There are 2 protein chains.
Amino acid sequence: MSKQAMAKAVQQRTLKTRAKLLDAAQAVISESGYEAMRVEEVVLRAGVAKGTFFAHFKDKDALMDQLIGAEIDRQLDIIEALPAPKTISEMSEAMMPLITFMTCERYVFDVILRHSGAAANAEIGPIAMTFGRHAEVVTKWLWDQPFRKDISAELQAEGVQAFMVQAISLMFCSLHNSVAPRERLETYLRAWLTPAP
Amino acid sequence: MSKQAMAKAVQQRTLKTRAKLLDAAQAVISESGYEAMRVEEVVLRAGVAKGTFFAHFKDKDALMDQLIGAEIDRQLDIIEALPAPKTISEMSEAMMPLITFMTCERYVFDVILRHSGAAANAEIGPIAMTFGRHAEVVTKWLWDQPFRKDISAELQAEGVQAFMVQAISLMFCSLHNSVAPRERLETYLRAWLTPAP
DNA sequence: CATTTAAATTGACCATGGTCAATATTGGAG
DNA sequence: CTCCAATATTGACCATGGTCAATTTAAATG
């Protein structure tokens, strides 16, 4: 035995099957949206049995975690390429593409919330990772040019995240959806990042 | 026709059936927790058919909304009876019972998040109402003795809520669950309510 | 009291996510 | 090349939330 303990590596077909499933899922989503995605439909298009799906993903949510996480990562790539915002307005502007995706469907936002604090112990999923990455990006912004100096850039970044979630939550709330999300976010950020007691 | 247009009022049995369902559900939850609740089990104990359940509640989530909302209201009753906190520490202390309930099960917190921004238009559910009420309570606290004066008490209260949710979210996250939730919340609240740039 | 009609209840049925014992395939060892 | 064990795949089956046409019941009316 050469590979000792870890036995055989993953087989070729495993990767192929996984790719087929991901492609099929992405296709369904492109056509009908995230919420409308059915496992049945995905395995049908991928040409595999239902059981195979669950051999590759713990459950439907795990697939969503991966697909939505990947999309958020794409948005973060864009955000990261931007120059560090110098004003609150620029910062909220920079965050809008991400927010737009997160609010494309109520279901998507629910999945994101459900995974943002990684559920199980020691099991950090793709979406949870993107939250970590997002915090890092914002921290970097604030590092160069902090808006306030009484607290760390990390803490400021955590607050920015909390307010982003809050602003999005209220978008979906009929009590508060009269105020535009971008405006609301800016109000929060101004109060958080440039206080003047 | 005397009652014109609104026809007959709700029948007695309607209230009885609803009460039986709520009691049965509460009993199941007391024994096994929220996540373990099954509609099947509830209708069995209530002695009604499955269809009756859905004649009284739009779906399982609606029942959860009501039960969890009622429990949050009970916690808010307690909180409201307290004297207004004078320090950040007292404030976080006052909020702990509510947070304890919200974190009794991951499932409970998920339901709360899902309903905190009322889903459908013009359909404000019990949990969404409690968020409104909670904001009012906190606003009242800050009204008498505001920690900072550059922003309104209402805005401060919204921030308190955002940070409460954030602190709870991170409790469930394996990356961050090393820090005690109460400590984390106090760090947030101090930075939010007593900034010193 | 008989009649009537809106409202409440029923339960067979469906939709869909998820399981698992059986089977098939892969890739290395001899 | 053949055989073996680890791995991947299968699909019948289950669990559970949710639907709806048919039926039963409440209570107002004459």
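The values are calculated or read from the model by the stated rules, or taken from the named source; none is laboratory data. All values reported here derive from a predicted model rather than from experimental measurement. Reconstructed Cβ throughout: ideal geometry from the backbone, glycine too, with neighbour counts over all protein chains shown. For accessibility, only protein heavy atoms count, side chains too; no ligands or nucleic acids. Shrake-Rupley method; radii C 1.70, N 1.55, O 1.52, S 1.80 Å.
Descriptive notes on the structure:
- Accessible area per residue for the stretch B:59-193 is 40 Å², calculated with a 1.4 Å probe on protein heavy atoms, without ligands, DNA or RNA.
- Scalar couplings 3J(HN,Hα) for the stretch B:181-188, obtained by applying the Karplus form with A = 6.51, B = -1.76, C = 1.60 to θ = phi - 60°, are x, 5, 4, 4, 4, 5, 4, 4 Hz; x denotes Gly and Pro.
- Gain upon complete extension [B:ALA36, B:GLU154; 0.36 nm per residue less C-alpha separation]: 38.7 nm
- Distances between equivalent label points of B:ASP61 across the copies, with each point positioned 7 Å along Cα→Cβ, amount to 1.4 nm, shortest listed first.
- Along the stretch A:47-54 the Karplus relation, 6.51 cos²θ - 1.76 cosθ + 1.60 evaluated at θ = phi - 60°, assigns HN-Hα couplings of x, 10, 7, 4, x, 4, 3, 7 Hz to successive residues, with x for each Gly and Pro.
- Degrees separating the helix A:12-32 axis from the principal Cα axis of chain A, which is the longest one: 50 degrees
- Distance histogram for the stretch B:73-126 (every C-alpha pair counted, 5 angstrom bins, percent rounded to whole numbers): 4, 17, 20, 20, 17, 14, 5, 2
- Order of exposure, largest accessible area first, which applies to A:THR100, B:THR17 with probe 1.4 Å: A:THR100, B:THR17
- Per residue, the convex hull spanned by the alpha carbons of the stretch A:58-193 comes to 109 Å³.
- Ranking of B:LEU82, A:LEU170 by solvent-accessible surface, largest first: B:LEU82, A:LEU170 (1.4 Å probe, protein heavy atoms only, all chains present).
- Rounded percent of accessible protein surface that carbon and sulfur make up, the stretch B:41-130, 1.4 Å probe: 58 percent
- Label geometry 7 Å along the beta-carbon vector: B:THR100 inter-copy distances in nm: 4.6
- Of A:SER89, A:SER32, the residue with the largest accessible area leads and the full order is A:SER32, A:SER89 (1.4 Å probe).
- Using a 1.4 Å probe over protein heavy atoms, the accessible area lost on pairing B with A, summed over both chains, comes to approximately 2900 Å².
- Annotation for A:ALA180, label-to-label distances across the other copies: 4.5 nm (shortest first, one decimal, point 7 Å from Cα along Cα→Cβ).
- Prolate/oblate/rounded call for the stretch A:9-57, Cα gyration tensor, a/c under 1.5 rounded: prolate
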